[in-house]
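**Q** The structure under discussion is supplied below as structure tokens; questions concerning it will follow.
The values are calculated or read from the model by the stated rules, or taken from the named source; none is laboratory data. None of these values were measured; they are calculated from a predicted model. Backbone-built Cβ (ideal geometry, glycine too); neighbour counts: all protein chains shown.
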């Protein structure tokens, strides 16, 4: 694997989890193992998880020198409870989730994640699953496409693009999809600073991989598996992910679920975490790794 891989906010992530000898830590989205390696170097036992089989193998190779205290598992972090049970783990002292698509996936043309390459319409993080982007763009209903583009891509031109996709069927490659998107957008949309196909590709990728549903489930499981004083650190790269992370952590920190107009709490729910704030990459990091520009790191500590 010859992919350029630069972990985002590496020092901040290590500081957030503060790994120590004797501790048990989880990298739930290990990718090529950049963050995992830094955590393993600090000591403790580490469980690495990634849904992409190729990434899991690359991570295993990278961390081979830590074999006696590192396990690498292929799986989706939404199944965190099952995976940790499989690894023989109970409560853990820290969990890291680095969300979204990896550099390895973006830079591999054959995976179909990027509009920069002409490739099959795939976009699967787990190549064993049946649903692909080609299936969605060619067979899903017009109104469903609009909803995906609005909800997962925050695309203002969703109706026009969905109409253009349906009219251009069958679409077999990322280049054909990109052309359909560009032809559907008004001139103003095509002149935006960011590539006009970016939001549509993001929306399709999220739909193919069920990313937001996985995030809700995985966050809840992660908070439940933390030991007292354990920390959950999550890096999000777009507002959809970050809003979910912010809400789930805030609800756990609040505890009470009573309506705001109740004079006293009657639900009895207590806070389970305290929030340790949010961070953005430094200007220097953004200059050295432009893909980090939109990243937001949030950290919560189990009470």
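**Q** Those residues that are touching a residue at least 40 places away in the same chain (Cβ under 8 Å) and either more than 25 Å from residue 243 (Cα to Cα) or part of a loop (DSSP other than H, G, I, E, B) (or both), I need them from region 103-121; list them, please.
**A** 104, 107, 108, 112, 113, 114, 115, 117, 118, 119, 120, 121 - these are the residues of region 103-121 that are touching a residue at least 40 places away in the same chain (Cβ under 8 Å) and either more than 25 Å from residue 243 (Cα to Cα) or part of a loop (DSSP other than H, G, I, E, B) (or both).
**Q** Which one of these is assigned to a loop (DSSP other than H, G, I, E, B) and either crowded, with 18+ Cβ neighbours inside 10 Å or in contact with a strand residue (DSSP E or B) (Cβ under 6 Å, 6 or more places away or on another chain) (or both): 88, 100?
**A** 100
**Q** Could you list, in sequence order, all residues of region 251-285 that are out of contact with any strand residue (DSSP E or B) (no Cβ under 7 Å at 6 or more places or on another chain), surrounded by 13 or more Cβ atoms within 10 Å (Cβ to Cβ) and assigned to a helix (DSSP H, G or I)?
**A** Within region 251-285, 251, 254, 285 qualify.
**Q** I've got another one for you. Please state which one of 159, 170 is in contact with a helix residue (DSSP H, G or I) (Cβ under 9 Å, 6 or more places away or on another chain), assigned by TED's automatic domain parsing to the domain that holds residue 199 and within 23 Å of residue 109 (Cα to Cα).
**A** None of the other options fit; the residue is 170.
**Q** Just wondering, is there one or more residues in region 140-154 that are outside any helix (DSSP H, G or I), in contact (Cβ under 8 Å) with a residue 12 or more places away in the chain and touching a strand residue (DSSP E or B) at 6+ places or on another chain (Cβ under 6 Å)?
**A** So far as region 140-154 goes, no, none of its residues is outside any helix (DSSP H, G or I), in contact (Cβ under 8 Å) with a residue 12 or more places away in the chain and touching a strand residue (DSSP E or B) at 6+ places or on another chain (Cβ under 6 Å).
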